[in-house]
Amino acid sequence: MGIMAAMAVPHPPLIIPEVGRGQERGIAKTVEAYEKVMARAAALQPDLVIVVSPHSVMYADYCHISPGTGAAGDFGRFGAPAVKVSAAYDAEFVAALSEACAAADIPAGTLGEKNPALDHGTMIPLYFLQKHWQRFQAVRIGIGGVPAREHYRLGQQLAAVAERLGRRAVLVASGDWSHKLKADGPYGFAAEGPVLDEKLAKDLGAADFLSLLTTPAELAEKAAECGLRAFWILAGAMDRRQVKAELLSYEGPFGVGYGVAFFWPGGADASRAIGEQLVRQEQAELARCRAQEDAWVRLARHSLETYVKTKSYASLPEDLPAEILSGHAGAFVSIHKDGALRGCIGTILPVRANLAEEILYNAVSAGTRDPRFAAVQPAELDQLVYKVDVLTEPEPIASSAELDVKRYGVIVQCGERRGLLLPDLDGVDTVEQQLAIARRKGNIGEEEACQLWRFEVVRHH
């Protein structure tokens, strides 16, 4: 009982013959592998099929579990409205899973459903499975913007609840790989695309779940994948168990990577406590970052930690370098958590008595007053990574030809509206991107005439 098998499968709509109208023959190996893994699953006669889909309801801070007694959908948006898929939900399992996640402080549950209809990431696996086996109930789970360890913990709860309720369960992690494999594909080409897919093939084929969980965020983002977080949940469902893995196929003829992998969980294996290994690795990396902080970054950390704990601004430490105490410059403090931005606020020109005060006050603002984020809470402090950018005085420029995204930040101003973007940011590779983002930040239209400034930064991290 419990999780008897799991699989990672893609969800290209064209794999459905009525949608593909012959194009599905271009991914014949994927179709063959799909049929094979679903036949394997059917042979187990599961009474529960858990589908994790990146196209279900998604929130930045929450993984959604579909409520209700069932749902249905069709492929109308892909030109085949007559092809319909439906599933009855296991309401008892959903309730038990939601309670277990709440008790374990895992950000997952049934709140916030927007559209109950089945999405194609759920329908395609069920379409293939129902050819072989129909006597099951389903549970649909979405991914979230939460870190790998939270997806993994959700997978652990899936396995625990299935075991406790005596379910014969199969888990399906639905997700495509990179969407940027070919220049003439629907999403274009990025060098990171093939790199990510090679990594996923290696990690999934060997059940190397620690490597899977530590896939660099920048690599995944630039490769434009959609299945990684679903695979993290699958990994969590195999926690502390032996795993036999098989990568049955991989193809990418249309510019999107399609991989099919199957996993058989075996007996207990304490050496595969991958979630605990991930936490230790993250803690070691945070400790390494903290040990390398210079005086600028230590001041930012000291400032925010003092304010969050006491609600008062810190006094300046006595051992600050003279150039911080005597310097005058604008400064931005950026805060990251789990590889994602957690807050960023700064000053373009100096407004305080010295650079030290600039950093002290801006660190508090970045952590508590950035309108994009809730204020940092005490429990988060040990998980934060800080950067301090000290700005040179901005200089006006005649045109964008004088910009370089790696060297210069940019200020775009139109009347009282102004947008700023720092240099050398992940995902900002061209001057055009840099200016477009700065315009959006300043609420300045693309066609509006504006004044440009550039500046350089000294980055401390």
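The values are calculated or read from the model by the stated rules, or taken from the named source; none is laboratory data. Note that the structure is predicted; figures quoted are calculated from it, not measured. Cβ: placed from backbone, ideal geometry, glycine included. Neighbour counts: every protein chain shown. Quick note on the areas: whole protein, heavy atoms, side chains included, nothing else; ligands and nucleic acids left out. Shrake-Rupley method; radii C 1.70, N 1.55, O 1.52, S 1.80 Å.
Given the C-alpha centroids of the range 252-303 and the range 383-461, what is the distance between them in whole angstrom?
Cα centroid of the range 252-303 versus Cα centroid of the range 383-461: 31 Å apart.
How much FRET efficiency would the formula 1/(1 + (r/R0)^6) give for ASP208 and GLU285, where r is the Cβ-Cβ distance and R0 is 25 Å, rounded to 0.05?
With R0 = 25 Å, the Cβ-Cβ based efficiency is 0.85.
Which lysines have a Cα less than 22 Å from the Cα of LYS309, not counting those fewer than 8 places away in the same chain?
LYS337, LYS387
Sort ARG240, ARG229 by heavy-atom solvent-accessible area, probe 1.4 angstrom, most to least.
Result of the area sort, largest leading: ARG240, ARG229.
Calculate one ³J(HN,Hα) per residue across the range 251-267 by plugging θ = phi - 60° into the Karplus curve 6.51 cos²θ - 1.76 cosθ + 1.60, and present them in order as whole Hz with x for glycine and proline.
Once θ is set to phi - 60°, the couplings for the range 251-267 become 9, x, x, 9, x, 10, x, 10, x, 10, 9, 10, 9, 10, x, x, x Hz.
Show me the ranking of peptides 202-209, 96-103 by mean Cβ neighbours inside 10 Å, starting with the highest.
For the peptides 202-209, 96-103, the packing ranking is 202-209, 96-103.
What's the magnitude of the charge dipole for the chain around its Cα centre, counting Lys and Arg as +1 and Asp and Glu as -1 at the beta-carbon? Answer in Debye, nearest 20.
Once rounded to the nearest 20, the dipole reads 1200 debye.
Explain nothing, just compute: Karplus ³J(HN,Hα) = 6.51 cos²θ - 1.76 cosθ + 1.60, θ = phi - 60°, for every residue of the range 111-127 in order, whole Hz, x for Gly and Pro.
6, x, 5, 9, 9, x, 4, 5, 8, 5, x, 8, 5, 5, x, 5, 4
As a test of the formula, what do you get for the chain when each DSSP H run with n ≥ 4 contributes -39,500 (n - 2.57) and the sum is divided by the residue count, at 222 nm and rounded to the nearest 500 deg cm²/dmol? Don't skip to the answer; put the middle values down first.
On the way: 14 runs with 160 residues, N = 461.
After summing the helix terms and dividing by residue count, I get -10500 deg cm²/dmol.
State the cysteines of the chain left without a partner when partners are defined as other cysteines whose beta carbon lies under 4.7 Å away.
CYS63, CYS101, CYS226, CYS289, CYS344
Could you give the C-alpha radius of gyration of the chain expressed as a fraction of 2.2 N^0.38 Å, taking N as the number of residues it contains?
1.10
Considering only DSSP beta bridges where both residues belong to the chain, give the percentage that are antiparallel (nearest 5).
70
Can you tell me how the range 58-117 classifies by the Cα gyration tensor, rounded, prolate or oblate, using a/c under 1.5 as the rounded cut?
oblate
Rounded if a/c is under 1.5, else prolate if a/b beats b/c, else oblate: with a ≥ b ≥ c from the C-alpha gyration tensor eigenvalues square-rooted, which is the range 3-278?
On the way: a/c = 1.41, a/b = 1.14, b/c = 1.23.
It comes out rounded by the Cα gyration axes.
As an exercise, identify the GluC sites (Glu not before Pro) in the range 106-198 lying in DSSP coil whose Cβ has no more than 15 other Cβ atoms within 10 Å.
Counting only loop positions with at most 15 other Cβ atoms within 10 Å, the GluC sites (Glu not before Pro) in the range 106-198 are GLU113.
Report, to the nearest 10°, how far helix 355-368 tilts away from the longest principal axis of the Cα atoms in the chain, using its own Cα long axis and a range of 0 to 90°.
30
Rounded to the nearest 20 Debye, what is the dipole magnitude of the range 111-234 about its Cα centre when Lys and Arg each give +1 and Asp and Glu each give -1 at the C-beta?
Working: 15 positive and 14 negative charges, 128 e Å.
Rounded to the nearest 20 debye, it is 620 debye.
Quick check: at a probe of 1.4 Å, how many percent of the accessible area of the range 3-278 sits on carbon and sulfur atoms?
Values: 5510 of 10580 Å².
Looking at the range 3-278 in its full context, I get 52 percent from C and S.
With axes computed from alpha carbons, what is the tilt in degrees of helix 148-164 against the longest principal axis of the chain, rounded to the nearest 10 within 0 to 90?
Once rounded, one gets 30 degrees.
Residues in the range 250-266 near a label at LYS29, defined as backbone nitrogen under 12 Å from the 7 Å Cα→Cβ point?
In the range 250-266, the label zone of LYS29 (backbone N under 12 Å from the point 7 Å along Cα→Cβ) covers 250-253, 258-260.
In sequence order, what are the phi-derived ³J(HN,Hα) couplings for the range 225-239 according to the Karplus relation 6.51 cos²θ - 1.76 cosθ + 1.60 with θ = phi - 60°, rounded to whole Hz, with x for glycine and proline?
7, 10, x, 4, 5, 5, 5, 4, 5, 4, 4, x, 5, 9, 4
Using only Cα atoms, tell me the angle between helix 295-310 and the longest principal axis of the chain; keep it within 0 to 90° and round to the nearest 10.
Tilt of helix 295-310: around 70 degrees.
When a/c reaches 1.5 or more, the comparison of a/b and b/c decides; with that in mind, is the range 395-460 rounded, prolate or oblate per its Cα gyration tensor?
prolate
If packing is taken as the average count of other Cβ atoms within 10 Å, what order do 351-357, 51-57, 294-300, 428-434 fall into, highest mean first?
51-57, 294-300, 351-357, 428-434
So which lysines pass the test for LYS199, namely a Cα distance under 19 Å, with those fewer than 8 places away in the same chain ruled out?
Qualifying lysines at Cα under 19 Å: LYS180, LYS182, LYS222, LYS244.
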